[in-house]
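The values are calculated or read from the model by the stated rules, or taken from the named source; none is laboratory data. Because the structure is predicted, anything quoted here is derived from the model rather than measured. Every residue, glycine as well, gets a Cβ built from its backbone with ideal geometry; the counts of neighbours run over all protein chains shown.
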Amino acid sequence: MTRVLMVSDVYFPRINGVSTSMQTFRQALRERGVQVDLIVPRYGDETSADGVVRVPGRPLPNDPEDRLLSWKAMHRSVLSHAADYDLIHVQTPFVAHYAGVAAARKRGLPVVVTYHTLFEEYLQHYVPALPAAWLRGLARRFSRRQCNAVDAVVVPSSAMAARLKGYGVNTPLEVLPTGIPLARLALGNGARFRAAHAIGPERPLALFVGRVAHEKNIGFLIEALVQAHRRCPSALLLITGDGPAKADLQRQAARLGIDESVRFMGYLDRDTELPDCYAAADAFVFASRTETQGLVLLEALAAGTPVVALAAMGTTDILVDAPGCLTPPDDPVAFGDAVGTLLADPGLRASLAAQARPTAARWSDAEMAGRLAAFYRDLLASRAPGARLLADNA
């Protein structure tokens, strides 16, 4: 049994791609001889149990969904637990990164990081007072230093690997996307979701799932809906999730006169409501230009929902030549025209929907967990005393 300690500055109940990736891999790795335990934040009254250790922190002033972990508590917790594991896998670049690397070096363990987020494209949204070019340079230097301080870096897409190499990262890079729990997502009941939320069974429905943040480019989707209405006047856009851009997006929809056609759903339960929501949609729409993978695209495809998305950064690996997907140009008019055409054409929807699940099957959680388990074992074997001796004598 390989024992891995994952450490992170985020985890459920905070819903995002990092939390989802950790949970998905943890569950799927069990069947591949890998025990994964977690050290993650405490958000409320969660207790440490079932291999999940909770560390205290405080809400961030402008982002109460997240936590700034106690530096001392995180370092102490990771160091005290590390002796029971073969490897440390860091999932975020904040306090958890420094605690994980420090503990690994003190215990003589290999340490891996997953680079989930393209920070050079995000900082400008949160520190708008500083020049964007300066912030991008800062993010690149920060990422290069962190990635070069560990034994290996996992990236969810080939585009992200190329970007890190461009930063000057010389640590070995492993392209390994997060997989999708196909069976769970295939069980959604779209009719139940529509009935629960007073959406008529015939109303054309486009769906976005993700954090409601500026870097997700949701404003592009709202603008595109104006064009989509030219072909499909009754189209409804559901925005599922929450975040700091919500008020701005609501004002945008009102300004464009389509606020009755844009509905903000907040967070949905991932095990029950979200599969139903995916199944209810006629199209999944996504316009982020900065995703390192685009996990929600795969979730939608696994639910049998056609995807209309920009092929940019990490989503390119999923979208290029992918049956069940449309990839319009990066232009709201062209994008909206594609969405409207799809929503207005039942035959096209049925054709793309039939291809969606086979496309998602290439990205199953079982397949990706098997690759990660092999990666862990190869890394541990390369660091074994015999392997190091052979390398020294080579």
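Structure above, values below:
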item	result
Qualifying residue in segment 331-343 (condition: in a helix (DSSP H, G or I), within 16 Å of residue 237 (Cβ to Cβ), free of Cβ contacts under 8 Å to residues at least 60 places away in the same chain and not acidic (Asp, Glu))	yes
Selected residue [buried (at least 18 other Cβ atoms within 10 Å of the Cβ) and not in a helix (DSSP H, G or I)] from 221, 237	237
Condition met for residue 247 (closer than 21 Å to residue 15 by Cβ, out of contact with any Gly (no Cβ under 9 Å at 6 or more places or on another chain) and not aromatic (Phe, Trp, Tyr))	yes
Segment 251-267, residues that are assigned to a helix (DSSP H, G or I) and farther than 13 Å from residue 234 by Cα	251, 252, 253, 254, 255
The lone exception for residue 272 - which of (1) modelled with pLDDT of 95 or more; (2) out of contact with any helix residue (DSSP H, G or I) (no Cβ under 9 Å at 6 or more places or on another chain); (3) closer than 27 Å to residue 12 by Cα it fails	(1)
Matching residues, segment 287-314, being of a type in the set (A, V, I, L, M) and assigned to a loop (DSSP other than H, G, I, E, B)	287, 303, 310, 311, 312, 313
Where residue 247 falls short, out of the listed (1) more than 26 Å from residue 354 (Cβ to Cβ); (2) out of contact with any Lys or Arg (no Cβ under 6 Å at 6 or more places or on another chain); (3) in a loop (DSSP other than H, G, I, E, B)	(3)
Candidate set from segment 1-38 (those that are aliphatic (A, V, I, L, M) and free of Cβ contacts under 8 Å to residues at least 60 places away in the same chain); member that is surrounded by the fewest Cβ atoms within 10 Å (Cβ to Cβ)	1
Index of the failed condition, residue 30 passing every other in (1) part of a loop (DSSP other than H, G, I, E, B); (2) modelled with pLDDT of 95 or more	(1)
Number of the condition not met by residue 291 [criteria: (1) closer than 25 Å to residue 185 by Cα; (2) in contact with a Lys or Arg (Cβ under 7 Å, 6 or more places away or on another chain)]	(2)
Residue check, residue 214 out of contact with any Pro (no Cβ under 7 Å at 6 or more places or on another chain) and either under 29 Å from residue 119 (Cα atoms) or outside the structural domain of residue 188 (by TED's automatic domain parsing) (or both)	yes
Count - residues of segment 325-361 that are within 14 Å of residue 283 (Cβ to Cβ) and at pLDDT below 95	0
